[in-house]
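Heads up, the thing below is written out as structure tokens.
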Amino acid sequence: MHTKPKNTDAALMEKQSFDVTSIKADFPIFAQEINGHRLVYLDSAASSQKPQAVIDAIDRFYSTDNANIHRGLHALAERATSAYEHSRTKVAKFLGGVNREEVIFTSGTTAGINLLSYSLGEQIIKAGDEILITEMEHHANLVPWVMLAKRKNAVLKRIPLTRDGRLDLTKVNGLLNSRTKIVALTHMSNVLGTINPRTEIAEAAHKKGAVVVVDGAQAAPHMPVNVKELDADFYAFSAHKVLGPTGVGILYGKRELLESLPPFMTGGEMIREVNFDNVTWNEVPHKFEAGTPHIAGAITFETAIDYLEQIGMENIRQHEIELTEYAIEKLLQIEGLEIQGPLDSSIRGSAISFTVPDIHPHDISTFLDSKGIAIRAGHHCAQPLMRALGKVATARASFYLYNDESDVDALVEALTEMKKYFRI
Ligand code: C6P
């Protein structure tokens with residue numbers, strides 16, 4: 001007897017009810033044990049795992065379609081070019097329906113923000129101008145602005161934090177003035193989990209004529225993002241945190257701004273005409289994509305987005321809200337454990353940083369690893385934030401669509417055992 005194949009609607013319903021067991025089965029990495037235990041992967045804020053569909057797409061591209069793009073006129077080159085441009089259109093939809101010309105493929109969030117710190121920075125920042133960031137920035141959205149301020153003799157200011165790890169919005173208007181040219185902030189903190197009220201900040205920044213740059217590295221994987229609603233002028237994120245390959249990133253920019261900016265990197269593909277004494281630029285987005293990009297990565301990022309959209313970004317956000325609430329409740333039952341950042345799941349994501357008195361976060365991570373549990377420990381590339389929190393490091397458990405309450409339970413059980421092991 002034949003079993004009726006699952007129709008798409010039924011498969012979708014199954015995913016929508018958030019059957020983590022079925023989602024997990026799509027990720028081959030979970031079919032292994034680590035140190036004799038099932039793998040409990042709680043480090044998705046550093047990089048997400050990849051579903052089989054993405055792994056297969058990478059294999060398929062190199063097996064059947066591999067060629068350079070925008071150059072050759074042969075069949076493979078045309079196939080690769082069309083897939084690459086198709087993926088750009090998919091990303092444009094993923095960001096809430098922007099123009100595909102507003103989507104630049106980069107090598108990651110870091111590359112996107114560095115591009116801006118040179119291209120935008122060189123164009124609009126003069127001595128005495130101000131750049132406003134926040135105290136919770138990852139180094140990727142901090143160091144490029146520190147360096148720009150140094151190059152230009154500009155002033156770097158920062159929005160401070162409240163005691164519970166939110167931005168102190170009462171300080172924003174006082175920090176903005178007619179000299180503020182760039183406001184750069186994270187959509188979601190990789191340490192505190194805080195989701196920032198960008199729209200309010202963007203509105204205040206735009207009133208002063210500043211350009212708003214949003215670091216979406218931690219938000220884009222976990223919730224629907226509509227860059228127009230956010231009123232971000234630029235939005236950067238990395239594919240590897242969104243089920244996609246490493247070495248691929250996205251920089252969205254409003255078209256009129258992209259058109260007015262000079263390129264950051266120069267070379268092949270980004271030109272219109274080259275002479276020894278003069279060069280003219282290709283149209284956007286190609287003006288910002290010098291050289292051969294990570295073709296396979298950009299193309300197969302589309303498969304990652306398809307996978308996520310089949311489940312639904314809203315459903316993923318809802319699942320993570322529930323999981324975060326459960327995790328916070330359970331973690332706080334461990335005596336002495338302290339969580340950094342807001343506890344209200346409606347204003348935070350699923351990256352939870354914590355400390356346990358008298359046990360260094362590195363020791364926490366090593367102990368958990370012995371139980372098959374992967375977390376991150378350290379300063380999380382946010383040293384100024386650590387200083388503001390009065391910590392040298394924290395442990396961080398971060399959740400994604402393939403985690404469920406059993407992962408939280410495993411974490412809490414291992415932490416409880418750890419305390420006994422360290423006699424604390
Ligand atoms: N944070 C973490 O474990 P790249 O490395 O370019 O893909 O992303 C940089 C980056 C930028 N902004 C934020 C808010 C981030 O969290 C990250 C990456 C990882 O927290 C690795 S350091």
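The values are calculated or read from the model by the stated rules, or taken from the named source; none is laboratory data. These numbers were taken from a predicted model, which means no experiment stands behind them. Cβ atoms come from the backbone with ideal geometry, glycine included; neighbour counts cover every protein chain shown. What goes into the accessible areas is simple: the full protein's heavy atoms, side chains included, and nothing from ligands, DNA or RNA. Shrake-Rupley method; radii C 1.70, N 1.55, O 1.52, S 1.80 Å.
Summed over region 370-424, the residues that are among the hydroxyl-bearing types (S, T, Y) and within 22 Å of the chain's Cα centre (by Cα) give a count of 4. Quick check, is G297 among the small types (G, A, S) and under 17 Å from Q49 (Cα atoms)? Considered against the rule, which asks whether it is among the small types (G, A, S) and under 17 Å from Q49 (Cα atoms), G297 comes out as yes. Before we move on, is L167 within 15 Å of the ligand (Cβ to nearest atom) and at pLDDT 95 or above? Taking the combined requirement at face value, the residue satisfies it. Counting only helices (runs of 4 or more DSSP H) that sit completely within region 15-109, those holding 3 or more residues that are farther than 18 Å from I299 by Cβ correspond to 20-25. In the set (1) β-branched (V, I, T); (2) more than 15 Å from the ligand (Cβ to nearest atom); (3) touching a Leu at 6+ places or on another chain (Cβ under 9 Å), the condition left unmet by I352 is number (2).
Each row is one residue, and each column tells you yes or no for (1) within 24 Å of the chain's Cα centre (by Cα); (2) surrounded by fewer than 17 Cβ atoms within 10 Å (Cβ to Cβ); (3) within 30 Å of Y84 (Cβ to Cβ).
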position: I271; (1), (2), (3): no, yes, yes
position: V279; (1), (2), (3): no, yes, yes
position: E309; (1), (2), (3): yes, yes, yes
position: S346; (1), (2), (3): yes, yes, no
position: I364; (1), (2), (3): no, no, no
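Within region 319-424, considering only strands (runs of 3 or more DSSP E) that don't extend past its boundaries, which have at least 3 residues that are not polar (S, T, N, Q)? Full working, then the answer.
Working: elements: 338-340, 351-355, 376-378, 394-398.
Correct list: 351-355, 376-378, 394-398.
Matching residues to (1) open to solvent by less than 20 Å² (accessible area, probe 1.4 Å); (2) under 19 Å from the mean Cα position of the chain (by Cα); (3) more than 16 Å from the ligand (Cβ to nearest atom):
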position: E33; (1), (2), (3): no, no, yes
position: D43; (1), (2), (3): no, yes, no
position: A46; (1), (2), (3): no, yes, no
position: V54; (1), (2), (3): yes, yes, yes
position: V91; (1), (2), (3): yes, yes, no
position: G96; (1), (2), (3): no, yes, yes
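Considering every residue within region 167-185, establish whether at least one is within 16 Å of I201 (Cβ to Cβ), touching a Leu at 6+ places or on another chain (Cβ under 7 Å) and of a type in the set (S, T, N, Q). Looking through region 167-185, at least one residue is within 16 Å of I201 (Cβ to Cβ), touching a Leu at 6+ places or on another chain (Cβ under 7 Å) and of a type in the set (S, T, N, Q).
Going through region 145-166 one residue at a time, which ones are more than 11 Å from I125 (Cβ to Cβ), open to solvent by 10 Å² or more (accessible area, probe 1.4 Å) and outside any helix (DSSP H, G or I)? Matches in region 145-166: K157, R158, P160, L161, T162, R163, D164, R166. Of the residues making up region 119-144, those that are in contact (Cβ under 8 Å) with a residue 12 or more places away in the chain, in a helix (DSSP H, G or I) and within 16 Å of the ligand (Cβ to nearest atom) number 4.
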